[in-house]
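A.B. asks: Have a look at this one before I ask anything.
The values are calculated or read from the model by the stated rules, or taken from the named source; none is laboratory data. Quantities reported herein were computed from a predicted structural model and do not represent experimental measurements. Using ideal geometry, Cβ is built from the backbone for each residue, glycine included, and neighbour counts are taken over all protein chains shown.
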Ligand SMILES: C[S@@+](CC[C@H](N)C(=O)[O-])C[C@H]1O[C@@H](n2cnc3c(N)ncnc32)[C@H](O)[C@@H]1O
């Protein structure tokens, strides 16, 4: 069979994706793009992920081994498994992170968290402590280590309630040569950390916590393939965000800096109210993502 023929068949196989769920509509153009991506991935040694390679290879005969591999990828995708999970990797902030079903697949909108935290880090006096709650694949904390490599006197702590996620984060950090730069902790929110925050002059706490309401209907590729502890924040969705805001005062022991939390795009005003009730409304900002949606809340934490 020629690769061109298998590619056509792949488009038919994946066309089911547009019909599977009203919540995740996949256009025919996206389907075609996904088929090409999966073929490129099946030939990654030869193709280096380059689309122009595919165009020159369309008339080649595929071996039975190659056909089997491509069909397996198409089959998995037709059951809604996300492309990143099939490929086992996802780009985030210009770097590649390994992913599996134990972690949330890094989302492009979360890059805003890294951008803001890097900027704020450069405005604070050292020694600075950067803490991430809920590292998942490690994409945020590892990106921060890499982005702030030139800044002296910065320490990093990262936590997750899931031991399996922490393992993936450490592996990604090791792959990017910075596993030793982060103090890794397993546990619930601030309880995971044992270190002494008062040893630092400034502090940044970042989190992309689970913030979806239990009752919310999700597209099948998310619902079935991403870990529930990375998705659901409680009955209303905002509960873990509230706990993070609630706990910051005890955790920081008067050390000043910033708290940056990714939120769901409808949660801006509730988060503002939670901060106002706790006297954290001074220096409170909501930042929008590239789609213009509320995405990150910033709280300035006054120093002693
Ligand atoms: C939405 S994911 C974010 C992962 C990663 N930071 C990212 O942005 O891709 C939330 C992460 O928080 C972790 N988590 C959930 N509840 C937690 C808790 N109470 N304490 C610490 N981590 C928690 C989950 O296991 C998950 O890895």
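Okay, residues lined up against (1) part of a strand (DSSP E or B); (2) within 16 Å of the ligand (Cβ to nearest atom); (3) farther than 20 Å from residue 260 by Cβ:
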{"site": "112", "(1), (2), (3)": "no, yes, no"}
{"site": "121", "(1), (2), (3)": "no, no, no"}
{"site": "135", "(1), (2), (3)": "no, yes, no"}
{"site": "140", "(1), (2), (3)": "no, yes, no"}
{"site": "143", "(1), (2), (3)": "no, yes, no"}
{"site": "167", "(1), (2), (3)": "no, yes, yes"}
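A.B. asks: Exactly one condition in (1) out of contact with any helix residue (DSSP H, G or I) (no Cβ under 7 Å at 6 or more places or on another chain); (2) away from the ligand (no atom under 12 Å from the Cβ); (3) within 28 Å of residue 101 (Cβ to Cβ) is false for residue 179; which is it?
C.D. replies: Residue 179 satisfies every listed condition except (1).
A.B. asks: Still on this structure, I have one more. So how many residues does segment 99-110 have that are surrounded by 18 or more Cβ atoms within 10 Å (Cβ to Cβ) and assigned to a helix (DSSP H, G or I)?
C.D. replies: 1
A.B. asks: Right, here's the next one. Residues in segment 279-291: is at least one outside any strand (DSSP E or B), closer than 15 Å to residue 205 by Cβ, in contact with a helix residue (DSSP H, G or I) (Cβ under 6 Å, 6 or more places away or on another chain) and without any contact (Cβ under 8 Å) to a residue 24 or more places away in the chain? Quick ask: steps written out before the conclusion?
C.D. replies: Quick first cut of segment 279-291, residues outside any strand (DSSP E or B) only: 279-284, 289-291.
Next, only the ones that are closer than 15 Å to residue 205 by Cβ stay: 280, 283-284.
Adding the requirement that they be in contact with a helix residue (DSSP H, G or I) (Cβ under 6 Å, 6 or more places away or on another chain) leaves 284.
Still in the running and without any contact (Cβ under 8 Å) to a residue 24 or more places away in the chain: 284.
Scanning segment 279-291 turns up at least one residue that is outside any strand (DSSP E or B), closer than 15 Å to residue 205 by Cβ, in contact with a helix residue (DSSP H, G or I) (Cβ under 6 Å, 6 or more places away or on another chain) and without any contact (Cβ under 8 Å) to a residue 24 or more places away in the chain.
A.B. asks: Within the set of pairs 6+ apart or on separate chains, which have a first residue in segment 92-103 that is within 13 Å of the ligand (Cβ to nearest atom), a second that is part of a strand (DSSP E or B) and at pLDDT 95 or above, and C-beta atoms under 7 Å apart?
C.D. replies: From residues that are within 13 Å of the ligand (Cβ to nearest atom), the pairs are 97/89; 97/90; 98/89; 99/89; 99/90.
A.B. asks: Checking residue 246 against (1) buried (at least 18 other Cβ atoms within 10 Å of the Cβ); (2) outside any strand (DSSP E or B); (3) within 14 Å of the ligand (Cβ to nearest atom), only one condition comes out false. Which one?
C.D. replies: Checking residue 246 against (1) buried (at least 18 other Cβ atoms within 10 Å of the Cβ); (2) outside any strand (DSSP E or B); (3) within 14 Å of the ligand (Cβ to nearest atom), the one that fails is (1).
A.B. asks: Quickly run through segment 214-235 and pick out the residues that are exposed (fewer than 15 other Cβ atoms within 10 Å of the Cβ) and not in a helix (DSSP H, G or I).
C.D. replies: Passing the criteria: 214, 215, 216, 217, 224, 235.
A.B. asks: Examine segment 151-160 for a residue that is without any contact (Cβ under 8 Å) to a residue 24 or more places away in the chain, surrounded by fewer than 18 Cβ atoms within 10 Å (Cβ to Cβ), in contact with a strand residue (DSSP E or B) (Cβ under 7 Å, 6 or more places away or on another chain) and closer than 20 Å to residue 184 by Cα, and state whether such a residue exists. So that I can check it myself, show each step before the final result.
C.D. replies: Filtering segment 151-160 down to residues without any contact (Cβ under 8 Å) to a residue 24 or more places away in the chain leaves none.
Taking every residue of segment 151-160 in turn, none turns out to be without any contact (Cβ under 8 Å) to a residue 24 or more places away in the chain, surrounded by fewer than 18 Cβ atoms within 10 Å (Cβ to Cβ), in contact with a strand residue (DSSP E or B) (Cβ under 7 Å, 6 or more places away or on another chain) and closer than 20 Å to residue 184 by Cα.
A.B. asks: Quick one: which of 176, 203 is modelled with pLDDT of 95 or more and in contact with a strand residue (DSSP E or B) (Cβ under 6 Å, 6 or more places away or on another chain)? Let's see the steps before the verdict.
C.D. replies: On the way: 176 fails: in contact with a strand residue (DSSP E or B) (Cβ under 6 Å, 6 or more places away or on another chain).
Result of the check over 176, 203: 203.
A.B. asks: Give just the number: which of (1) crowded, with 18+ Cβ neighbours inside 10 Å; (2) over 18 Å from the mean Cα position of the chain (by Cα); (3) within 13 Å of the ligand (Cβ to nearest atom) does residue 258 not satisfy?
C.D. replies: Single failed check for residue 258: (3).
A.B. asks: For segment 123-133, what are the residues that are crowded, with 18+ Cβ neighbours inside 10 Å and not in a loop (DSSP other than H, G, I, E, B)?
C.D. replies: Selection gives 128, 129, 130, 131, 132, 133.
A.B. asks: Quick one: what pairs do we get from segment 225-239, first residue under 14 Å from residue 105 (Cβ atoms) and away from the ligand (no atom under 12 Å from the Cβ), second in a loop (DSSP other than H, G, I, E, B) and modelled with pLDDT of 95 or more, C-beta under 8 Å, 6+ apart or different chains?
C.D. replies: Qualifying pairs under 8 Å: 225/101.
A.B. asks: Might you check whether a residue that is assigned to a helix (DSSP H, G or I) and more than 19 Å from residue 115 (Cβ to Cβ) occurs anywhere in segment 145-155? Outline the logic, then answer.
C.D. replies: Looking only at segment 145-155, we keep the residues that are assigned to a helix (DSSP H, G or I), and these are 145-147.
Among the residues that remain, those that are also more than 19 Å from residue 115 (Cβ to Cβ) are: none.
No, segment 145-155 has no match at all.
A.B. asks: Quick check on my filter: what residues within segment 155-165 are more than 12 Å from the ligand (Cβ to nearest atom) and either over 25 Å from residue 200 (Cα atoms) or touching a helix residue (DSSP H, G or I) at 6+ places or on another chain (Cβ under 6 Å) (or both)?
C.D. replies: 156
A.B. asks: Report, by residue number, each residue of segment 72-91 that is assigned to a helix (DSSP H, G or I) and without any contact (Cβ under 8 Å) to a residue 12 or more places away in the chain.
C.D. replies: Residues satisfying the conditions are 72, 76.
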